[in-house]
């Protein structure tokens, strides 16, 4: 499981075009050595994954992408799921996006897992 970064691409959950950043906005960085083909960010209280915020784009190794929310979006606790080009996936539950600004994904070969480092 790995993560990737797409430079200078802003994706929006909700409506686009807000002048100010929402408190849940964050940058996702891929340091996994693989390509991320899908990214899902859903409120922890939701029982299913929302739409793939990448659309038809992918996030290559060493790339980053800004994930933006609609201004005024409520709630801070979200779950994150990434799906790699080979179909493998990784998930993180209960991320407080109101306190995070950057999530970097790393592939840990020894453990066989993707870890997320948050800032």
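The values are calculated or read from the model by the stated rules, or taken from the named source; none is laboratory data. The shown structure was predicted, so the numbers you read here are calculated from the model rather than taken from an experiment. FYI the Cβ positions are ideal-geometry reconstructions off the backbone, even for glycines, and counts take in every protein chain you see.
Kindly indicate which of 62, 72, 87, 55 is surrounded by fewer than 16 Cβ atoms within 10 Å (Cβ to Cβ), more than 11 Å from the chain's Cα centre (by Cα) and either modelled with pLDDT of 95 or more or assigned to a strand (DSSP E or B) (or both).
On the way: 72 fails: either modelled with pLDDT of 95 or more or assigned to a strand (DSSP E or B) (or both); 87 fails: either modelled with pLDDT of 95 or more or assigned to a strand (DSSP E or B) (or both); 55 fails: either modelled with pLDDT of 95 or more or assigned to a strand (DSSP E or B) (or both).
Being surrounded by fewer than 16 Cβ atoms within 10 Å (Cβ to Cβ), more than 11 Å from the chain's Cα centre (by Cα) and either modelled with pLDDT of 95 or more or assigned to a strand (DSSP E or B) (or both) holds for just one of 62, 72, 87, 55, which is 62.
Would you tally the residues in the range 102-116 being modelled with pLDDT under 95 and either closer than 13 Å to residue 29 by Cβ or in a strand (DSSP E or B) (or both)? If you could, list the steps in order and put the result at the bottom.
So in the range 102-116, the residues modelled with pLDDT under 95 come out as 107-116.
Narrowing further to those that are either closer than 13 Å to residue 29 by Cβ or in a strand (DSSP E or B) (or both): 107-108, 113-116.
Total meeting the criteria: 6.
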